[in-house]
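Below: one structure, written as structure tokens.
Since every read-out is calculated from the coordinates, none of them should be taken as a lab result. Just so it is clear, the model here is predicted, and its values are computed rather than measured. When we count neighbours, we look across all protein chains shown, and the Cβ atoms used for this are built from the backbone with ideal geometry, even at glycine.
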Amino acid sequence: MGEVTARLDDLPLRDDLRGMTPYGAPQAPLPVALNVNENTHPVPDEVAGDILDSIALALRDVNRYPDREFLALREAFAEYLGEGITADQIWAANGSNEVLQHVLQAFGGPGRTAFGFGPTYSMYPLLTRATGATWVAGTRDDDFTLTPESAAAQVAEMDPDVIFLCAPNNPTGTPMPLDVITAVYDASRGMVVVDEAYEEFAPHDEPSAVTLLGGRERLIVSRTMSKAFAFAGARVGYLAADPAVVDALRLVRLPYHLSALTQAAATAALRHAPVMLGMVDEIVAQRDRISATLEALGYQPHPSWTNFVLFGGVDDPAATFRALFDRGILIRDVGIAHHLRVTAGTEAETTAFLDALASLGSKS
Ligand SMILES: Cc1ncc(COP(=O)(O)O)c(C=O)c1O
């Protein structure tokens, strides 16, 4: 006993999972963690009390299964999104990762393909393969932008069953104009998923892909409460689409997949959307400060409509990552040559990062 010697290869694992590595953003208890694009501001005190009251109320009925259709929460999301969206167009799950998994379970799966323009969110290929489909990567221009012509041509050639458009894109921060989305939709046969995880950090007057939903039954817009709403630990993501798409997702979800406590917490948080989103402008200010300072230090920050900045001009990303780590600052090496990615933190965290980077020596 006590000798656990089996290795993964010894188990009768699915053949198509052999050799895969799990999602693995480093988790380290450093004072300044700017590596996974969280909102580093806590839930405001004035809202926390109301959320707690709602959770306490839900706890009284926790002997019962929750509302399988999470109607109150869907109505709250519909109201938050506006644009005439109704509750029957809303789906939600434990983080937008699970929302995307539901989409792949319903529309991907064995013998099918999912597609995205790399570099893009690292979970798309993992979720695709885990649900038995094949991942196909398209390409972007050198500055990570996409033209409608190039995007449509690549999609027409690959003819995928599911297409992921990360808007704006992680890990590059790149905005995605609506004409790229409509061009991809018109050139495709499969489901088109616009992942708007960072939408609230885009300029307020820029329209969301939610405005494109009418009359496009293969279009899905997914969102999360993890970023702008400072709710990453609660695990709540959602999407808006045609009601028929929502019917398809009901076929693959586990019954009662959203706990009563999650539903209560998220519904309460949405009642306070303006306060919950109060830190967005401050985070955007820190993001723009990061870009300006990086440029002054001789690095090449890429334009970002998110809460993070990808920057080039890093001679040795692994060495810079390590030097910052040793100074108590965790950022992300996303595997793009000569680049690193940093999340905009509070003003103090952002200052700590910029000062530490500057102390490594100016580039110019
Ligand atoms: C583009 C994108 N989509 C989805 C997610 C998943 O968010 P969550 O599962 O926390 O809702 C992330 C998280 O970093 C992301 O960057």
- Scan region 155-230 for GluC sites (Glu not before Pro) in coil per DSSP, keeping those whose Cβ has at most 14 other Cβ atoms within 10 Å, and list them by number. Glu217
- When the charge dipole of the chain is computed with +1 on Lys and Arg Cβ and -1 on Asp and Glu Cβ about the Cα centre, the Cα farthest towards its positive end, among Ala337, Thr21, Gly190, belongs to Thr21
- Which order do His338, His302, His102, His272 fall in if you start with the one that has the fewest other Cβ atoms within 10 Å? His338, His272, His302, His102
- Query: Taking only DSSP H segments of four or more residues, each worth -39500 (n - 2.57), what value at 222 nm results for the chain once the sum is divided by all its residues, to the nearest 500 deg cm²/dmol?
  - Reply: -11000 deg cm²/dmol
- Among 6-15, 244-253, what's the highest-first ranking by average C-beta atoms within 10 angstrom per residue? 244-253, 6-15
- Message: What value in Å³ per residue do you get for the convex hull of the alpha-carbon atoms in region 280-330?
- Response: 84 Å³
- Message: Amide H of Ile163 versus every other amide H placed in the peptide plane: which residues, excluding those fewer than 5 positions away on the same chain, fall under 5 Å?
- Response: Phe115, Met191, Val192, Val193
- Note on the structure: With a ≥ b ≥ c from the Cα gyration tensor eigenvalues, square-rooted, and the rule rounded for a/c under 1.5, otherwise prolate when a/b > b/c and oblate otherwise, region 25-72 is prolate
- Quick one: dipole size for region 129-196, taken about the Cα centre, charges +1 on Lys/Arg Cβ and -1 on Asp/Glu Cβ, in debye to the nearest 20. 260 debye
- Starting at 0 and stepping by 10 Å, how many percent of the alpha carbon pairs of region 250-361 end up in each bin? 13, 36, 21, 19, 11, 1
- Note on the structure: Per GNM of the chain with C-alpha springs under 10 angstrom, the most fluctuating residue out of Ser150, Ser304, Ser188 is Ser150
- Radius of gyration and Dmax for the chain's Cα atoms, expressed in Å? 20.9, 63
- Query: Name the trypsin sites (Lys or Arg not before Pro) in region 332-364 that are in a loop by DSSP and that have at most 15 other C-beta atoms within 10 Å, would you?
  - Reply: Lys363
